[in-house]
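Structure first, then comments.
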Amino acid sequence: MNPQTVFIAVLGVTLLNGFVSPVLPLVFLMAPVWMPEFMPMTSIPVLYGTSLIVSVSTLILSGVPAGIFERLTGREETDTTSMLVWLGAAILLTLPGLF
């Protein structure tokens, strides 16, 4: 298993979190703040944007423990172990939406 394969799994988990996260209603209600004025405020663009914001936020937040792990272990390059830490953090962020 190489790091690229694990990264694809991380992307899949973050996309899943973009659909099932309990944060979705909050981001949806904040649409007037993050939605550009020239876009129509219909439900479809807002739902897509909400899902995208939650997915990207999960991707970024789950990368923090992997970065800390790499720093603490003194790794020069990202390897499979670091990517598995990233995947584990993404799964932990997704679990509240699944249960």
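I want to confirm something. Restricting to the stretch 28-51 and keeping residues that are assigned to a helix (DSSP H, G or I) and β-branched (Val, Ile, Thr), which single residue is surrounded by the most Cβ atoms within 10 Å (Cβ to Cβ)? Please lay out each step first, then the result.
Keep residues of the stretch 28-51 that are assigned to a helix (DSSP H, G or I), which gives 28-29, 31-34, 43-51.
So of that shortlist, the ones also β-branched (Val, Ile, Thr) come out as 33, 44, 46, 50.
On the way: Val33: 7, Ile44: 8, Val46: 19, Thr50: 24.
Only one residue tops the list, namely Thr50.
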Quiz prompt | the stretch 51-78 residues that are within 19 Å of Met30 (Cβ to Cβ) and among the aromatic types (Phe, Trp, Tyr), paired with ones that are surrounded by fewer than 18 Cβ atoms within 10 Å (Cβ to Cβ) and modelled with pLDDT of 95 or more (beta carbon under 6 Å, 6 or more apart) | solution = none
Quiz item: Any idea which of (1) free of Cβ contacts under 8 Å to residues at least 12 places away in the same chain; (2) surrounded by 12 or more Cβ atoms within 10 Å (Cβ to Cβ); (3) of a type in the set (Phe, Trp, Tyr) is the one Trp86 doesn't satisfy?
Solution: (1)
Quiz item: Is the stretch 44-51 home to any residue that is modelled with pLDDT of 95 or more and touching a helix residue (DSSP H, G or I) at 6+ places or on another chain (Cβ under 6 Å)?
Solution: yes
Quiz prompt | Failed item, numbered, when Leu59 is tested on (1) over 9 Å from the mean Cα position of the chain (by Cα); (2) modelled with pLDDT of 95 or more | solution = (1)
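The values are calculated or read from the model by the stated rules, or taken from the named source; none is laboratory data. Given the structure is predicted, the values throughout are model-derived calculations rather than measurements. Neighbour counts are summed over all protein chains in view; Cβ atoms, including those assigned to glycine, are modelled from backbone coordinates with ideal geometry.
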